[in-house]
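Below is one structure, written out as structure tokens; comments come after it.
The values are calculated or read from the model by the stated rules, or taken from the named source; none is laboratory data. What you see is a predicted model, and the numbers here were worked out from it, not measured in a lab. Please note: Cβ atoms are built from the backbone with ideal geometry, for glycine as well, and neighbour counts cover all protein chains shown.
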Amino acid sequence: MRPKGSPAELEVRRRIAGQLLLEGKSISEVARIVKASKSSVKQWKDALDRDGMDGLKAKPHPGAKPRLNSAKKKQLVRILLRGPQDAGYSTDLWTCPRVAQVIERKLGVKYHPAHVWKLLHGLGWTCQKPEHRARERDEAAIEAFRRKAWPRIKKRGLESKLASCFSTKAGS
């Protein structure tokens, strides 16, 4: 399991281990001090013997570079905050396909709609379902019903259920 920490923090850990190894400490001792497995320390020792302290440097992450740099991501957030209607859509609801279209149209980068979710999540956005409420909705009347009528209705329903379960008939 990969330990927690940024590549730079993990490199510092390896360099500390390398320095301890150069001072003559054993693999087991170094593993205990830097809280790493013996096999990891053995690999670090081999890299140290082969390439010196440069062998313990952090290596770049494999994979393609992100297609949206930080400036374009900031631009995307500004577009998203202005809303879908400002981007030309008829409703005020962002969907992954819509965001993918906006990214392609405004930023020149094409993403599959399913991947847009990962991008949005990385930017701190979460899935939100809009609440559908009638325009005629009367919040005061709903609250009054919840406080006064609902407890009475709920209590009566419970009493009648209990009465039917535990009632005895005179002839039994």
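Points worth noting:
- Checked against (1) modelled with pLDDT of 90 or more; (2) surrounded by 10 or more Cβ atoms within 10 Å (Cβ to Cβ), Ala71 meets all criteria but (2).
- The residue list Gln75, Gln101, Gln43 contains one member that is more than 30 Å from Val30 (Cα to Cα), among the polar types (S, T, N, Q), part of a helix (DSSP H, G or I) and more than 22 Å from the chain's Cα centre (by Cα), which is Gln101.
- Just one residue in the set Leu76, Leu123, Leu68, Leu119 is in contact with a Lys or Arg (Cβ under 7 Å, 6 or more places away or on another chain), among the hydrophobic types (A, V, I, L, M, F, W, C), in contact (Cβ under 8 Å) with a residue 40 or more places away in the chain and on the phi < 0 side of the Ramachandran plot; that residue is Leu123.
- Looking only at segment 1-36, residues that are over 22 Å from His61 (Cα atoms) and not in a helix (DSSP H, G or I) come to 5 in all.
- Yes/no for Gly63 being of a type outside the set (D, E, K, R), modelled with pLDDT under 95 and exposed (fewer than 10 other Cβ atoms within 10 Å of the Cβ): yes
- Set Ala140, Ala134: member being in a loop (DSSP other than H, G, I, E, B), surrounded by fewer than 10 Cβ atoms within 10 Å (Cβ to Cβ) and modelled with pLDDT of 65 or more: Ala134
- Matching residues, segment 52-75, being farther than 30 Å from Leu21 by Cβ and touching a helix residue (DSSP H, G or I) at 6+ places or on another chain (Cβ under 6 Å): Lys72
- In the condition set (1) surrounded by 13 or more Cβ atoms within 10 Å (Cβ to Cβ); (2) at pLDDT below 95, Val99 is compliant with all but (2).
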